[in-house]
Amino acid sequence: QTKAYKESLAVYQEAVAGYEDLLRQADASENVARYKAASAHERSIWQSTAPKYDIKSIPATDLLEKDLTAATEFLSKEAFADAAPLLEKVAVGYAAATKSLIAGAEFKPKATKAKASWLAYAKSKGLQTKFTDEYGARFDKAEQQWGSGDLVPAGVEYQALFEQYSELENASRNAGEFRARASKAKTAWEAFRSQRGLKHKLNEQYAGQFAKAEADFKAGEVVGAAKSFAYLEFGYKKINADTQQVLTAIN
């Protein structure tokens, strides 16, 4: 009886496993048609887009072709559960490759121009910043990736670098303007204070903040420096105006 029970249990378990596999294959078969159409669509878009940029194939699409071959073999065996995720991967991969190619082709020249513009501006103003080396290293890596056909990370990086170089230069230019205005307000206050022999509790505080903003500006921390200079311009103008108002009231 024990032997018969074990044999019956084994048969039952095998039947359950087979039934579960049938359910899994049935569920996957519903996805196969959708993913197969999507993969074919995205692949055709890539194949019509790539030649416009003198691209035949890239490492990423070479791998996708292998996945597509494997998916086709699974389909021939009606192994839908194995084919479905591969077809989905092919569809997503080709869509990403096309998007990266177009983005890279658009932002590569923009990033190159933004980089050159920043370097020229930084040189003209004698600016030193950690971002110059950091962005430069990333740009060189993107160039290497693009040249080797690794378009997906390169396209993303070109777009990011274009935005970051542009932001860095814009911030630097604004910081320079705020710096000049803060310096003018500081000089006006110092001249008035010196002329009247005045002391003020904020003199040392503002002097320290101005020195730090100057150091940040020269180190390339231009966004923080711009905010500090804007604050200092307002502060110096306010103590100058408030002090003059008090002296006028006294006299």
Can you find even one residue in the range 118-140 that is in contact with a Lys or Arg (Cβ under 9 Å, 6 or more places away or on another chain), exposed (fewer than 15 other Cβ atoms within 10 Å of the Cβ), at pLDDT below 90 and outside any helix (DSSP H, G or I)?
yes
Filtered residues of the range 66-93 (kept if open to solvent by 60 Å² or more (accessible area, probe 1.4 Å) and among the acidic types (Asp, Glu))
GLU73, GLU78, ASP82, GLU88
Condition first: over 30 Å from the mean Cα position of the chain (by Cα), part of a helix (DSSP H, G or I) and modelled with pLDDT under 55. Can you find one or more residues in the range 64-72 that meet it?
no
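Run down TRP146, TRP189 and say which single residue is open to solvent by less than 60 Å² (accessible area, probe 1.4 Å), closer than 30 Å to GLY104 by Cα, part of a helix (DSSP H, G or I) and among the aromatic types (Phe, Trp, Tyr).
On the way: TRP189 fails: closer than 30 Å to GLY104 by Cα.
Going through TRP146, TRP189 in turn, the sole match is TRP146.
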Which ones in the range 203-251 are assigned to a loop (DSSP other than H, G, I, E, B) and loosely packed, with under 14 Cβ neighbours inside 10 Å?
ASN251
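Residues being of a type in the set (S, T, N, Q) and free of Cβ contacts under 8 Å to residues at least 12 places away in the same chain: count how many of those fall in the range 68-111.
The qualifying residues number 3.
The values are calculated or read from the model by the stated rules, or taken from the named source; none is laboratory data. Since we're looking at a predicted model, the values are computed, not measured. Ideal geometry is used to build each Cβ from the backbone, glycine not excepted, and the neighbour counts take in all protein chains shown. Note: areas computed on protein heavy atoms with side chains; ligands, DNA, RNA excluded. Shrake-Rupley method; radii C 1.70, N 1.55, O 1.52, S 1.80 Å.
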